[in-house]
Amino acid sequence: TLEFAHMVLSGKVTSDIVTALNTFGPVALGLSGTDAMLLETEAHDPELGFVGSVTKVNPELIERTITMDLIPVIATIGADESGQTYNINADDAATEIAQSIGAEKLIFLTDVPGLLADVDDPGSLITAVGTDEVVELIDDGVISGGMIPKMTACLRAIGNGVGSVHLIDGRLSHVLLLELLTRAGVGTMVVSGRAEKTS
């Protein structure tokens with residue numbers, strides 16, 4: 001299973017994203033977490049097999065890529081000191097990478113509009129929320145299920161220096177532009193402390 005994950009992520013998925021970006025010019029470079037030990041990894045839980053947790057990010061390769069005005073596209077496969085490879089949860093890998101390079105923003109593309117006050121009501125989107133409020137929403141059961149690890153990643157990123165985290169619906173055309181270049185945005189922005197406004 002790990003071999004297939006490695007082939008799909010490092011081969012097909014990374015290649016497809018790089019190719020799509022490079023239609024706008026020579027702007028993207030495909031990397032793997034195993035390149036130059038970019039993502040040092042250990043087993044997350046022996047019962048889960050070769051699922052890994054990042055123990056250290058070595059950001060030099062990312063920084064060099066950015067210095068060359070290239071966009072690094074990183075497959076979330078890491079390795080331990082013995083060379084054993086692991087599949088890493090993409091949200092966790094992105095969070096660790098964002099922290100390591102001091103990113104101003106971390107953006108998660110999801111298949112939902114963002115953080116919803118009511119999971120059955122797409123109109124209940126919370127457009128801005130603070131980390132203090134996220135903890136309260138988890139405690140109150142408003143944030144539950146699969147959204148808990150994603151929001152926990154948001155808390156960890158902001159707690160380690162990332163300026164803000166955005167949850168946006170990757171199915172929408174131009175969603176990055178709409179979130180980042182409009183006053184209202186279209187997803188959920190998570191900031192430190194308490195947000196000025198929630199809805």
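Some points to look at:
- When N22, N58 are screened for being within 15 Å of A93 (Cα to Cα), at pLDDT 95 or above, open to solvent by less than 70 Å² (accessible area, probe 1.4 Å) and of a type outside the set (V, I, T), only N58 passes.
- For the stretch 131-160, the tally of residues that are surrounded by 14 or more Cβ atoms within 10 Å (Cβ to Cβ), among the small types (G, A, S) and out of contact with any Ser or Thr (no Cβ under 7 Å at 6 or more places or on another chain) stands at 0.
- Residue within the stretch 27-44 that is surrounded by fewer than 17 Cβ atoms within 10 Å (Cβ to Cβ), more than 23 Å from G102 (Cβ to Cβ), touching a residue at least 12 places away in the same chain (Cβ under 8 Å) and not hydroxyl-bearing (S, T, Y) present: yes
- The set of residues from the stretch 23-38 being under 23 Å from P59 (Cα atoms) and outside any strand (DSSP E or B) comprises P26, V27, G33, T34, D35, A36, M37, L38.
- Any chance A195 is surrounded by 18 or more Cβ atoms within 10 Å (Cβ to Cβ), in a loop (DSSP other than H, G, I, E, B), touching a residue at least 12 places away in the same chain (Cβ under 8 Å) and over 18 Å from the mean Cα position of the chain (by Cα): yes
- Some residue of the stretch 67-86 being in a helix (DSSP H, G or I) and surrounded by 15 or more Cβ atoms within 10 Å (Cβ to Cβ): no
- Condition met for A103 (open to solvent by less than 50 Å² (accessible area, probe 1.4 Å), within 24 Å of R183 (Cβ to Cβ) and among the small types (G, A, S)): yes
The values are calculated or read from the model by the stated rules, or taken from the named source; none is laboratory data. Nothing here was measured: the structure is a model prediction, and the numbers come from that model. Every residue, glycine as well, gets a Cβ built from its backbone with ideal geometry; the counts of neighbours run over all protein chains shown. These accessible areas exclude ligands, DNA and RNA; they are computed on the full protein's heavy atoms, side chains included. Shrake-Rupley method; radii C 1.70, N 1.55, O 1.52, S 1.80 Å.
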